[in-house]
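For reference, the structure discussed in these notes is given below.
The values are calculated or read from the model by the stated rules, or taken from the named source; none is laboratory data. Keep in mind that what you see is a predicted model, and the values were worked out from it rather than measured. Backbone-built Cβ (ideal geometry, glycine too); neighbour counts: all protein chains shown.
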Amino acid sequence: MSNPSSAPAQTSHLIRGLGTPPSATYEIRKPDVIVGLDARGFLFGPSLALRLGASFVPVRKQGKLPGPVETQAYEKEYGTDYFQIQADAIKPGQKVIVVDDIIATGGSASAAGSLVQKLGGDLLGFVFMLELDFLKGREKLPAPVYTLLSSQPTASN
């Protein structure tokens with residue numbers, strides 16, 4: 001986000017947009033946990049968790065969380081990176097939705113989903129503000145994807 005002061009408005013749009021879609025789109029009961037990806041998922045995840053009566057769990061870049069953690073590698077355009085989650089953050093069987101601002105290639109979201117599954121969480125789906133659909137990131141994800149906006153490439157003249 002180039003303008004941090006726009007975060008409250010964007011969070012408000014996300015929450016309004018998700019007022020019914022989590023249950024309608026995923027045909028699920030209420031999630032127990034909202035997982036937010038480092039760092040922009042931290043802007044939307046806690047507000048969404050409050051709205052849905054769920055807890056919030058951060059997934060951070062390697063080395064930022066205290067205590068025992070689970071680690072998952074993912075590929076970026078310039079190399080490998082790692083996400084971590086606290087080992088006791090999600091209990092087996094808890095229903096989880098993963099939240100981030102943008103889905104592009106799907107690598108980081110897929111890594112977060114893998115961490116949820118390693119801990120025994122029931123991965124209900126993924127929520128993003130924006131999808132760069134021409135990069136086909138949703139094809140890498142093991143659960144339904146919900147986005148508020150999508151971006152189509154424009155033809156150049």
Hits in the range 100-109 (condition: among the hydroxyl-bearing types (Ser, Thr, Tyr) and either crowded, with 22+ Cβ neighbours inside 10 Å or touching a residue at least 60 places away in the same chain (Cβ under 8 Å) (or both)):
Ser108
Within the range 118-134, count every residue that is surrounded by fewer than 16 Cβ atoms within 10 Å (Cβ to Cβ) and closer than 23 Å to Tyr82 by Cβ.
2
Just to be sure, is Ser47 modelled with pLDDT of 90 or more, among the polar types (S, T, N, Q) and either over 20 Å from Gly107 (Cα atoms) or surrounded by fewer than 16 Cβ atoms within 10 Å (Cβ to Cβ) (or both)?
yes
Count of the range 50-81 residues which are of a type in the set (A, V, I, L, M) and closer than 18 Å to Ala104 by Cα:
2
Name every residue in the range 85-99 that is more than 15 Å from Pro142 (Cα to Cα) and surrounded by fewer than 21 Cβ atoms within 10 Å (Cβ to Cβ), in order of residue number.
Gln86, Ala87, Asp88, Lys91, Pro92, Gly93, Gln94
Close pairs (6 angstrom Cβ cut-off, 6 or more residues apart or separate chains): acidic (Asp, Glu) in the range 32-44, surrounded by fewer than 21 Cβ atoms within 10 Å (Cβ to Cβ) anywhere:
Asp32/Gln94; Asp32/Lys95; Asp38/Arg60; Asp38/Lys61
